[in-house]
Each structure stands twice: as structure tokens, then as C-alpha cells.
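Q: Got a structure for you, written out below as C-alpha cells; questions coming shortly.
The values are calculated or read from the model by the stated rules, or taken from the named source; none is laboratory data. Just so we're clear, the structure is a prediction, and the values are computed from it rather than from any experiment. Every residue, glycine as well, gets a Cβ built from its backbone with ideal geometry; the counts of neighbours run over all protein chains shown. In case anyone asks, the SASA skips ligands and DNA or RNA and just uses the protein heavy atoms, side chains included. Shrake-Rupley method; radii C 1.70, N 1.55, O 1.52, S 1.80 Å.
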There are 2 protein chains.
Amino acid sequence: MQATAANDLVSPDRREEVLAAAAECFMRRGYEATSMDDVADMLGATKGRVYHHFRSKPELFFEVFRRAIFILIREAGVHETGPGTAADRLRRMSRAHILCMMETQAFQRNLTLGVDLYRFGETSDEHRATLEELMDLRRGYEDAFRRTFAAGAADGSMKPLDPSLAMRTLLGAINWVAVWYSPRPGETRAHRETLAEEIVAQVLGGYLA
Amino acid sequence: MQATAANDLVSPDRREEVLAAAAECFMRRGYEATSMDDVADMLGATKGRVYHHFRSKPELFFEVFRRAIFILIREAGVHETGPGTAADRLRRMSRAHILCMMETQAFQRNLTLGVDLYRFGETSDEHRATLEELMDLRRGYEDAFRRTFAAGAADGSMKPLDPSLAMRTLLGAINWVAVWYSPRPGETRAHRETLAEEIVAQVLGGYLA
DNA sequence: GTCTATAGAAAGATAGAC
DNA sequence: GTCTATCTTTCTATAGAC
């Protein structure tokens, strides 16, 4: 169908714009404090446009969340398999994770918010199912770090620490980048990569054998 | 005045109850998602009680925030001065910080929320001044870690790393405890201390000379 | 010091024009 | 596909009884 083909080209981009605006708003003000009007304002539009692409505010948030975790899996998670020792692989995973925190900050900050919603939120059955699915995605991503810590203990490249605890302290340190980082004017990718390397060097030092 | 003396004994406790309930609510649902009715419900009371002790919702939040940072300064910040090398002092500071994250979790989670409010929030002049003051308190606390990293480079007990970056990665790792930690039934102080020691051992490893 | 009742503002969501 | 107008609910905050 030609109409569908056209939509595949045009509609996703418009939808994408709404999504990016929502991520930015959620990051700035938080999920609850962000109104649908805020998202629309950021686009220079009105609510009508937002509601045309997303049924409700929770669904808008879920899409932002899903996007954030997909980016992490694609950019960092993939390095779980690769050459070298477990320590080498963990270094590549951490480096990529940090760059994601810096370059898709608006999306990534929402991962933390999502956890809160999940742990304490009173949501409908439908939304709860979606949250469950999203949390599974996040857990799966975290498992890659857990497994790599275990692999490091096995291949001798890393200290034999509790893999779950190590995963949490490592992810804490590098997730926090999304909290304090803000790009300097004129900053290049090379600057961010240098910064990421420094952080990795500091953080991973404690886990290496 | 006897009335005042009585208030000094009674009123603060009632106020304290409201404060603790607010911290708990803010942690569970976040600041914006928490209504004054939610806080009252947690007390088995109505809004009237909350508004009797706190003029507005922001002021309630500010008090929670202030309490959180005071606890950190009192419990962890004080260890900046003490015996041993800078590494020894940083160990004691981190250990105490982690225990605060576990034992006053409800209060501590709000420190992160406060940062968001400050970075992007559109607040009144009065509230902005208060936020400025609270952020100075937080900055001052962070400076203790920064200074101790610098002292560690000077006395040779720690690697000569960028103190600001090291402070951020360390605090990221140990702040994250408040995000993932949840107390097990029957857990004792001794359990938490053991856990805190493990985390400190893992995290500080990378910074030691 | 706490409650009930309510005013006033803001937000999520929908209907229908264009 | 986007806008205007509006319905409905929810929330902050206050007034006044007890």
C-alpha cells in the first residue's frame, strides 16, 4: 500500500520529534511535573499533535523508556561478546555506556524514573504489564554486566567479587554520569571519548585482578 | 515560658512525623506525583495537619532536603578530619555515607530530586534563594570528598587522579545504593555494616595507590 | 492542633473544525 | 495531521468549625 509506504517514511519522523521532545521534558522536569502542554510547547505545537501520535502520557513515557534501553543494548550490551579478556570486554561495555549517558542523556535519565514508577507506582493492569516488560529489558541489560564480572573471576582478569554487587557499584558510578554531565559549548566527540576513558580507568581499577 | 517549653518537647515531634511521612512519599512517588493528601494519608490524618506545620509543598520538600544533607554532613562529612592517611579517612567517609543511604533512604533519595529542581525548575525568587542555599550545603559536602582525594594524592595514599572526577564517580557508586538497596526482613545493623564494607572495598580499590 | 468544606488553578483527555 | 475548545478530575491552599 502506497499510503503505508509513505507513512513509513514520513510519520515515524514526526513521531520521533514528539518522542525527543518528551524525553527532554521528562529529563528537565521529571515525568509527573511534565504536562502534555509542556511537550507540545517544546515542539512549538499544541496537545493535539502529541495525542495524535501517543494515546496517553504513560504510553509516551514508556516509549521514551524503551528507546533508552534499546540504545544501551545496541551500543554497550553488544560488547559482551568480543575479543580479549572479560576485563577488556567490560571496559568496552562501560566506555560505550558512559558515552550513551552523555549523548542520549535526555533518554537515559528516564531509566531511573522508570524504576521508581515500577517499585511503588499504582498503575493499571495494562500499564503494569508494559512496565514488567520494560523492566525485563533493563534486567537483561544489567545481566550482561553481571555475567561479565563472573567471567572475569573465571578467566582471572578480574577479582573474584560478588558479581551482583559489583554490577551495581559499577553501574551506579557510570549511570551517575547522566546526572552530573552537561556538554560544554564546542565540545566534540573526541572530548567525550577522552572523558569516558578517564572515568573507565578510575572506576574499573578496583575490579581488576 | 511553659507553653514554649511544652512546644519544644511536643511540637517538634509532631512536625518530625509529618517530615518523615513526606520523605517517604517523595521517595515512593517522587515530589510532583506526591499530593499533600498522600502525605496526610500516610499519617492517618488530613491536609489540615500538614499545612499546620508547613506553609506549602515546596517548603515541606526543602525541609526534607535539608534534613538529608545535615544527616550526611553529621554522619559522613565529619570523618574528613581524623587519624590515618587520606585513604583511611575516605574509607570512613564512604562507609558512613553508604550506611546513610541504607538507613535514611527515604530522605536521601530526595537529594537527587533536588538537583533536578534546581537545574531546570522555574521557581519563585524566594524558593530559588532557598534552593541556592541547599545546593551550597550539598556542594560543601561534596567538597569534603574532593579535598580528601587531593589529600590522598599529596600524602601518597591514593592515585593522583582528577579530584572532581574521582569525587563524582565515587559518589555515583555509593549514592546508587539508595536506588537499589531495600532492607531484608530481620536485617540487623551488623548486616548493613558488612554490606557497606564490601561496597567500600570494591569501590575504593580503583583509587588507591 | 486537627478536621471539614471549598475556592481556584492546572492537568489529562476528547470532540470536532480545518 | 494539527488546532481550538471544552469536559472532568485532581491538586494546592485557605477559611472556619471544633
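Q: At a 1.4 Å probe radius, carbon and sulfur cover how many percent of the accessible area of the protein assembly as shown?
A: 52 percent
Q: Follow-up. Just to check I understand the Karplus step: with θ = phi - 60° and J = 6.51 cos²θ - 1.76 cosθ + 1.60, what whole-Hz values come out for segment B:49-57, glycine and proline as x?
A: For segment B:49-57, the Karplus-derived couplings read 5, 5, 6, 5, 9, 9, 5, 8, 5 Hz, x marking Gly and Pro.
Q: In a GNM of chain A with a 10 Å cut-off on Cα contacts, which of A:21, A:87, A:129 has the highest mean-square fluctuation?
A: Evaluated over chain A, the most mobile residue of the options is A:129.
Q: Any idea of the accessible area per residue across segment B:56-204, 1.4 Å probe, to the nearest Å²?
A: Accessible surface, normalised per residue, equals 42 Å².
Q: Using only Cα atoms and rounding to the nearest 10 degrees, what angle (0 to 90) does helix A:86-103 make with the longest principal axis of chain A?
A: On a 0 to 90 degree scale, this one is about 30.
Q: Let me have the relative contact order for segment A:90-194, percent, based on Cα pairs under 8 Å that are six or more residues apart.
A: 40 percent
Q: Name the lysines eligible as straight-distance cross-link partners of residue B:159: C-alpha to C-alpha under 25 Å, and not fewer than 8 places from it in the same chain.
A: Correct list for residue B:159: A:159.
Q: Then there's this: Gaussian network model of chain A, Cα springs within a sub-10 Å range: biggest mean-square fluctuation belongs to which of A:148, A:85, A:123?
A: A:123
Q: Would you mind computing, in nm to one decimal, how far apart the modelled labels at residue A:159 and residue A:73 are, each placed 7 Å from Cα along Cα→Cβ?
A: The two pseudo-label positions are separated by 3.2 nm.
Q: Spelling out what I want: for every residue of segment B:170-181, take phi, set θ = phi - 60°, compute 6.51 cos²θ - 1.76 cosθ + 1.60 (Karplus), and round to whole Hz; glycine and proline get x.
A: Residue by residue, segment B:170-181 yields 5, 5, x, 4, 8, 5, 4, 4, 5, 7, 9, 5 Hz.
Q: GNM, chain B, Cα, under 10 Å: largest mean-square fluctuation among B:67, B:192, B:109?
A: In this elastic network of chain B, the residue with the biggest mean-square fluctuation among B:67, B:192, B:109 is B:192.
Q: Would you mind giving the mean number of other chain beta-carbons within 10 Å of the Cβ of each residue in B:17-30, as a whole number?
A: Mean partner shielding for this stretch: 2.
Q: About its Cα centre, how strong a charge dipole does chain B have in debye, to the nearest 20, once Lys and Arg get +1 and Asp and Glu get -1 at the Cβ?
A: For chain B, the charge dipole is close to 340 debye.
Q: Going by amide H atoms built from the backbone, whose H comes under 5 Å of the H on residue B:158, apart from near neighbours?
A: Answer set, sorted by chain and number: B:153, B:209.
Q: Turning to a different aspect of this structure: How high is the relative contact order of chain B, in percent, counting Cα pairs under 8 Å that sit 6 or more residues apart?
A: 22 percent
Q: Stokes-Einstein at 20 °C, 1.002 mPa s, Kirkwood radius from Cα pairs: D for chain A in µm² s⁻¹?
A: Reported coefficient: 115 µm²/s.
Q: Rounded, prolate or oblate for the protein assembly as shown? Axes are the square roots of the Cα gyration tensor eigenvalues, ordered a ≥ b ≥ c, and the cut-off for rounded is a/c under 1.5.
A: Since a/c reaches 1.5 but b/c is at least a/b, the shape of the protein assembly as shown is classed as oblate.
Q: ³J(HN,Hα) across segment B:107-114 via Karplus (A = 6.51, B = -1.76, C = 1.60, θ = phi - 60°), whole Hz, x for Gly/Pro?
A: Whole-Hz 3J(HN,Hα) from phi for segment B:107-114: 6, 5, 4, 6, 4, 5, 4, x.
Q: Using a Cα-Cα cut-off of under 17 Å, which lysines could be cross-linked to residue A:47, ignoring same-chain neighbours fewer than 8 residues away?
A: A:57
Q: While we're looking at this one, here's another question. Under a plain spin-label model, where a point goes 7 Å from the Cα along Cα-to-Cβ, how far apart in nm are residue B:133 and residue B:181?
A: 2.9 nm
Q: Estimate the FRET efficiency between residue B:81 and residue A:147 by the formula 1/(1 + (r/R0)^6), using the beta-carbon distance for r and 41 Å for R0, to the nearest 0.05.
A: 0.45
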